[in-house]
Each structure stands twice: as C-alpha cells, then as structure tokens.
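Here's the structure, in structure tokens; my notes come after.
Bear in mind these aren't lab numbers, they're just calculated from the coordinates by the rules spelled out. Owing to the predicted nature of the structure, the values given are computational and were not obtained by experimental measurement. We place every Cβ from the backbone using ideal geometry, glycine too, and count neighbours over all the protein chains shown.
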Amino acid sequence: MDISVPKPEFKFEFSHVGIVRLVTAVIAVAMALYHMWVILPPALGGQGTPEAIIFRGTHLLFALALTFLIYRRTGADAAPSPLDYALLLLAVAPITYLFWNYDYIVNRIYYVDDLSPLDMAMAVLLVVIVLEATRRLIGWALPITAIAFLCYALFIARVEPMRLLDQLFMTTEGVFGAPLGVSAAYVMIFVLFGSFMERTGTGQLFMDFALSLTGHTAGGPGKVSVVSSSLFGTISGSAVANVMVDGPISIPLMKRTGFKAHFAAGVEAVASTGGQIMPPIMGAAAFVMAEFLSVSYSQVVIWALIPAVLYYVACFAAVHFEAKRHGILGVPRSQLPKLGTTLRQRGHLFLPVLTILAVLYSGYSAPLAALAGTLLCFPVAALRASTRGNVRMPIIIDAMIDGSRNALAVALACACAGIVIGVVALTGAGIVFTQAVIGLSQNYLLLALLLTAVAGIVLGMGMPTTPAYIVMTSLLVPALIKLGVAMPAAHMFAFYFAILSAITPPVALAVFAAAGLAKADLWSSGWAAVKIGAAGFIVPFMFVYEPALLMIGDWPTIIWRFVSSCIGIALLAAGLHGYLLRRAALWERFVLIAAAFCLVKPDWVTDLIGLGLALAMLAWQWPGRERAQAEPGSATAAVEATAAGPDVVR
C-alpha cells in the first residue's frame, strides 16, 4: 500500500460555497507567499521582517480571516452564516485600526497616556474575537483559561480596565506578544515546509526507508512505525497529523503480523508524539522556547538531541521485547522494499532537509533555512521520474493552502496565550504561582517537579503543546529555576510534559486518533501508550538532575551519561514488557526495573549497582535463551499473515 500524495482539494464551482472556497484559497495562498516574502532579505528581493506590530498583526489578520471562512458555524459544506460574515468583519476592524493609526500607536506612552473610547472598544473587540476564533479551532480549554486570567486581573488583582486593555492591545506584551511573533516568524514557514514535503512524496520515502531497515526484524512493523514516525514527525510537528499519515500503513501491518490492536495503536501514538521533540525540526513550542531563552534555535536542537534519542530508544526497545515475548516475526525480506532501490528512487527527497541543516548551521536564521528547504522541495522532486509527477501547479497551490490552514491552530493559540502572558506580566501572577509551588513542595525539588509534570499533563489535555508550554513557562518554570534547576532544563521539562499529554489518558489526542485507525479500545490503547512511552515520563527528571543529558558539561560525562541512560531505558522496557533474553518471571521484571532506575539516576554508585544487576540478569537468562518459546501459533500466524498480504507493505 503506497502513501500517495494527497490530491489537490480545491475545485471551483459557481455557487455561494464555491465563491467562499475560492476566496479562502486566495487568502491562504497570499498568507503563504507573504510569509515567504518577508523572510527573504532585501538583498535577495524580499522585504525583510517588518516591525513587530505590523508583522504580527498581519499574521493574525490572515489567521482570523481564514478561521471564520473555514471553521464556519454552518459547517464546511454550507455557506457561511450572517454571523460568520459579521465576525469576519469585526476581526478585520481592530487590526486595521492599528495599522491605520500606526504612528499614534508607536509614539504614545503606554500605561501613561489614556486610551480613547475607540481604543478601548477596539481592544475589547480584538480580545473577544481571538477568544471565539481559538474556541472554533481548538475548543474551550484555552479560551476558558484566558478568561479566568482576565477575571483574576480585574476582580482579584484589581487592575484598572484601561491599563489591562492597554497591555493586551496597544503593546507587544499581550495579544501581539512573543508567542504570536514566534508563530509568524518560525512556525508558519516550517508548517509550509512540512506541507511541501508531504506533497512531493516524502511520506513514502520515510515509510520505505524504515521498512527496508527494520521490517524484517522481530516485530518489524512496529519498529517501522517508530522509525518512520520519528522521521515524519520532524517535519510535521503535530502528533495527530503524524498518526494520520503513518497510521493507515503501520497499524494494519502491525496487526497483521501479530500485534494486538491496542498495542499497535499505542506504538503509533507514542512514536508520532515524539516527533515534536525530534531534531532537526521540532514542534512549534521549540521555537517559542528559543525566543523565551533568547538563544538560537540550533541551541535548542542541541539540548533536545539526547532526550529525543532516549525517548525513541525506549519506544524501539518496547516494541522489540513485546515482539520477542509473543514470538512476532518480521515481514519476509522478499516483500520489503530494498534500501538501495528506495534511495535511488526517492533518496533525493532528503535534500531539502539536509539543506535546512546546512543553512541553519552555517549561521543563518531558522526561518531563512526553512525557506531554502521549502523552495527546494518541488525542484528536487523534479529531478527523478519517480517523483516528477508531483510537480504540478495545482499541487503546489494546494500545498500552500494546506500549509496556511495547518498554521491556524498555532497562530490563534499563540494569540490567545498572549492574553495569559499579558495578564501574568501586568499583575505579577507569576510570582504568586512561584510562591505557591514552592510552598506546596516544601522546597523539595522532586515534589515541585511532580507538581509541574501533573500541571503540564492537565494543561495539555485541553490545548495544543505550544499554549500549554507557554502557560507553564509563565506560571511554573520560575519556581523550578528558583529551586536551583538550570534554566534550559526547566524549560525542557515543561516542554516535555506539555507534549506527553498527547499520550496520557483520559484526554490523549494522539491515542484517540491511533485507536480509531486500529479499531481498538481507547483506554487499553492509552495505557499501552503510557507503558511504551514510560521513558518519556522519566527522561525529563533525568536531565533536570543531570544536565549532561542536555549536552551541558564536559564530553566524558556527557558520553557516559548517554550510554548509561540508554542501557537503563532499555532495561526499563525489558522489565515492563517481561522479556530480556527470554521471558522474565515477575521477580526478574522487578530486578530489571530496579537496575534501570539505578542506571538512570546520575550517580557513579548507582551506575555500578545497575550494571551489576543487569549483568547478573544476563548471566541468569543466558542458559535458557535457546529454549525460550513464543506463545503457541503466534509466530506461525505472523508468517502466514505476511505471506497472505504482501500488498500491505507496498
């Protein structure tokens, strides 16, 4: 089964709905072209990034217009209602007002000069419109959070309404704050890059590449899901999108070779979620982190590299040990794509990703690197006959439309999160929350970390990673830093747990998507995902206590901590899934888990204990490894299934 390139969706028909779709397509293409144009430096014919209010305002204007045209109250197949049109006009008004009165905005002294009645009306209007647009895109969780903070500012902190509106509307500390700036400067172009890559057939490259490497090994289809999802996740930045691209191929293949449906869903959900932490191209929140910490994006990539590898080592090991325990074989090599053939036919599609890395590490900005990769996608696809058919103007236009549409959720989430940030900055709520966390934890770092982890998972249940991370950064990260956590480690900790909510029941969006594809029970799939991704919940604690895992420190320490952590994570997977060299008895599983925790704790004494326990278990299980038997019939069933269905691979 091939991962086919999505066919162009836009077809014009002369009707009310058709005209709306045409207008929507034109605005989406204009949004894509505008963001590409402003990234180009003037020396290359571009404008260069405009002043903050203009740039962020234009980005938000595009996003609001598309939101009310696409996510209309009447549904996607019906014409917009009068309310949709009214909200569209009201959305345009306050941003146009800012642009029209730009000189007045930049020359006034905020917090000192009073707002006019029209200023306040436009401020209220923009806040309401942003809340409604965000609700339409991602639900109630984030708008309710923003409303709660507004109520806190007005009724508890007793902030003067005029000062609050000034902060939110007339400065770059509210709606037009740093989160929206990151969405405009970074997220939009990287989302476009992902859309362009998808339209050139890169998904098929990743799947064939993963199949050729791991498809023949024990539990091969599960490992294919891990490898392909990690590759595709680096360009999609969305766990659910990753599931929906890889899942229709990997999940049926895993089920056909013997994996249970809920386990197959868990593997796909965990592997897809990890794409947001997988360099070189991570999720949108990584760009927000770079902005908050005032470091280059390449620095964030360096910090994220080892934790991401540990996450995928755990996922890969979980699949391997589960497959060995149940005797699940791989797909016969005769039914798999050959690595050489795959690289000859589609290997050139790696060039845009390599270009981004080359430009990025040559000292240029991340947006310019992403633009270079984006502009290369279709010319590179034209190099070979196998992908040349994707180089057509309708597909290019559709890639721009899809890229703009995919950026909407992040843009509106960042604008709405800006309301929270503005209130926190104006009221000093961050200090209040910091004191509360320190008080609840009684100055114990581990307890503070657990509180922060729970808060991240709860916040992430109702909102995307980016706003969940932004809220945690404002309210909880300062407490960790005050308790002595290094600033990069504190931010990475919040980043991780904002992401892991996607695989944590009861609201686990990536698991919901994967379970739907697998036709599996949601709760069983959710707990399988937690078990597979157990290391993901441990890794953040590891790098808080041992910054060497963020590549902070001397190289001997970094290398040793990486190696010992990899061994520990693999032993944890072995203990949780009940297999090392053969099936593990209950007491053996406890020993394996104990060895794992000894190795992941950053201490030479515990390292030696962990290694000793691991060697003892290897020696204990070694004599019986040849007699280890799989569950009756499982291996045979796997072979028969793969032999009966070669079309599932290609």
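General observations
- What the Cα atoms of the stretch 16-177 give is an Rg and a Dmax of 17.3, 52 Å.
- Amide H to amide H distances under 5 Å link Ser81 with Arg73, Thr74, where only residues 5 or more positions off or on other chains count and H is placed in the peptide plane.
- FRET efficiency for the Ala616 to Leu357 pair, using the beta carbon distance and R₀ = 56 Å, is estimated at 0.85.
- A straight chain from Ile431 to Tyr364 at 0.36 nm per residue would run longer than the Cα-Cα distance by 20.5 nm.
- Between Val563 and Met487, the C-beta separation translates, for a Förster distance of 35 Å, into a calculated FRET efficiency of about 0.85.
- Rule-of-thumb Rg ratio for the chain [Cα; 2.2 N^0.38 Å; N residues]: 0.99
- Length-normalised contact order of the stretch 16-177 in % [C-alpha pairs under 8 Å, at least 6 apart]: 20 percent
- Look at the alpha carbon pairs under 8 Å that are at least 6 residues apart: their mean separation over the length of the chain gives a relative contact order of 19 percent.
- The stretch 336-347 - phi-based ³J(HN,Hα) in whole Hz, Karplus 6.51/-1.76/1.60, Gly and Pro as x: 9, x, 8, 4, x, 5, 4, 5, 5, 7, 10, x
- Ranked Val20, Val331, criterion: other C-beta atoms within 10 Å, fewest first: Val20, Val331
- With neighbour counts taken as other beta-carbon atoms within 10 Å, the residues Ser225, Ser565 rank, fewest first, as Ser565, Ser225.
- Where chymotrypsin sites (Phe, Trp or Tyr not before Pro) fall in DSSP loop in the stretch 501-580, at most 12 other Cβ within 10 Å: none
- Net lengthening on full extension, Ile147/Trp527 (0.36 nm per residue, minus Cα-Cα): 133.5 nm
- Leading residue at positive end of dipole, the stretch 520-611 (Cβ point charges), from Leu608, Leu592, Ile567: Leu592
- Near Leu571: Cβ cut-off under 14 Å, other residues only, Lys/Arg at +1 and Asp/Glu at -1. The net charge is 0.
- Average projection area in nm² (convex hull over Cα atoms of the stretch 394-517, one quarter of hull surface): 9.5 nm²
- Fewest neighbouring Cβ atoms within 10 Å first, the residues His59, His262 line up as His262, His59.
- Rel. contact order, % - alpha carbon contacts under 8 angstrom, at least six apart, the stretch 207-317: 27 percent
- Sorted on the mean count of surrounding Cβ atoms within 10 Å across their residues, most packed first, peptides 317-328, 394-405, 287-298 read 317-328, 394-405, 287-298.
- Other-chain or far-sequence residues with amide H under 5 Å of Tyr579's (modelled H): Ala584
- Amide H contacts under 5 Å for Gly327, placed H, 5+ residues apart: Glu631
- Between the alpha-carbon centres of the stretch 213-230 and the stretch 517-572 there is a gap of 19 Å.
- Figure legend: label point modelled 7 angstrom from the Cα of Val458 along Cα→Cβ; residues of the stretch 405-441 with amide N under 17 Å from it are 430, 432-441.
- The Cβ shell under 11 Å around Ala241 holds other residues with a net charge of -3, Lys and Arg each +1, Asp and Glu each -1.
- The slack in the chain from Ile552 to Ala382, taken as 0.36 nm per residue of separation less the alpha-carbon distance, amounts to 57.0 nm.
- Its Cα centre serving as origin, the chain has a Cβ charge dipole (Lys and Arg +1, Asp and Glu -1) of approximately 1720 debye.
- 13 Å beta-carbon shell around Glu173, net charge (K/R +1, D/E -1): +1
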